[in-house]
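This report concerns only the one structure given below.
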Amino acid sequence: MRRRFFVDEVRNGEAELAGDDAKHLTKVLRVEVGQRYEISDNRNVYLAEIETARKERVVFRTVEKMPEQPVPPRLVLCAALIKFDHFEWMIEKATELGVTEIVPVETIRSERGLERAAHKRLDRWQRIALEASQQSRRAFLPVVHEAQRLREVLALPASRRYALDEKPGAPLLARSLAGTGEAAILVGPEGGWTEDERGSFISAAWAPVSLGSLILRAETAAIAALVIVSSLN
């Protein structure tokens, strides 16, 4: 199966990668002129042949446009900020599972200082999503947003909105799913939701749901929820 790479644009049948991206292809993957790969400009996917492969510049010449890729249903992961190594693992795996948007969420029990540091991490998080998209052969990149406060996230429009809640009594997510199409999943911090936060997402018509009796790490809960929702779409 051919590898797939994302490019900024395809113009007059050509696309280019430069800098570190080109170095990865030439030094690590050792691509050569004449080899064929798939490229995506985040709109269309093309079969392309390498025309130039230098240390910091790789040029593709498109051979043909691949069949239209179906646009997946919008699936948004709104995840409370947690330790960055765990958060970045979550971005990678959520991307592999087809999430279309990732929204970092500032909550009361998020570790102090993560909110400020998150704004400096956005480029890195987008890079992680790019690499995971190429690895999993996605046709479209997910959008990784700036960190937002919970009250801003609760206004996010989606036909189905679920908030993972560890409080006893919440119905199971798998039994609460209604219909198919776009969905948003809200995942709390490691310390759980405060009562005020719980009241705010219920008031904003986010359905509280559970993943069962076991207490999962925040990043594990996020991935488990994505698998359940996407499998029924």
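Sort the following peptides by mean Cβ neighbour count (other Cβ atoms within 10 Å, averaged over residues), highest first: 63-71, 135-143, 170-178.
Result, highest mean first: 135-143, 170-178, 63-71.
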Original post:
What number, in percent, do you get for the relative contact order of the range 3-65 if the mean sequence gap of Cα pairs under 8 Å and at least 6 apart is divided by its residue count?
Top reply: 38
Subject >> Computed E for R74/S203 - FRET, C-beta separation, R0 22 angstrom, nearest 0.05 >> reply: 0.40
Original post:
What is the diffusion coefficient of the range 35-161 in µm²/s, taking the Kirkwood radius over Cα pairs and the Stokes-Einstein relation at 10 °C with a viscosity of 1.306 mPa s?
Top reply: 97
Subject >> For the range 48-65, 3J(HN,Hα) per residue [Karplus equation, 6.51 cos²θ - 1.76 cosθ + 1.60, θ = phi - 60°, Hz, x = Gly/Pro] >> reply: 9, 10, 6, 9, 9, 9, 10, 3, 10, 8, 10, 10, 9, 10, 5, 9, 7, 7
**OP:** Using only alpha carbon pairs under 8 Å that are at least six residues apart, calculate the relative contact order of the chain and give it in whole percent.
**Re:** 19
Original post:
If you take the Cα atoms of the chain, find Rg, then find the Kirkwood Rh from the mean of 1/r over all pairs, what is Rg/Rh?
Top reply: 1.04
**OP:** Can you pull the one-decimal nm distance between simple spin-label points at S136 and V28, each 7 Å off the Cα toward Cβ?
**Re:** 1.8
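Taking all pairs of different Cα atoms in the range 79-124, averaging 1/r and flipping that mean, what Kirkwood radius in angstroms comes out?
Across the range 79-124, the inverse of the average 1/r is 11.1 Å.
When the helices in the chain are scored as -39500 (n - 2.57) per DSSP H run of 4 or longer and the sum is shared across all residues, what 222 nm value do you end up with, to the nearest 500 deg cm²/dmol? Walk me through the intermediate numbers first.
On the way: 7 runs with 71 residues, N = 233.
Dividing the helical sum by the residues of the chain leaves -9000 deg cm²/dmol.
Taken together, the values in this text are just the output of simple stated rules run on the coordinates, not laboratory data. This one's a predicted model, so the numbers in the text were calculated from it and none came from an experiment. We place every Cβ from the backbone using ideal geometry, glycine too, and count neighbours over all the protein chains shown.
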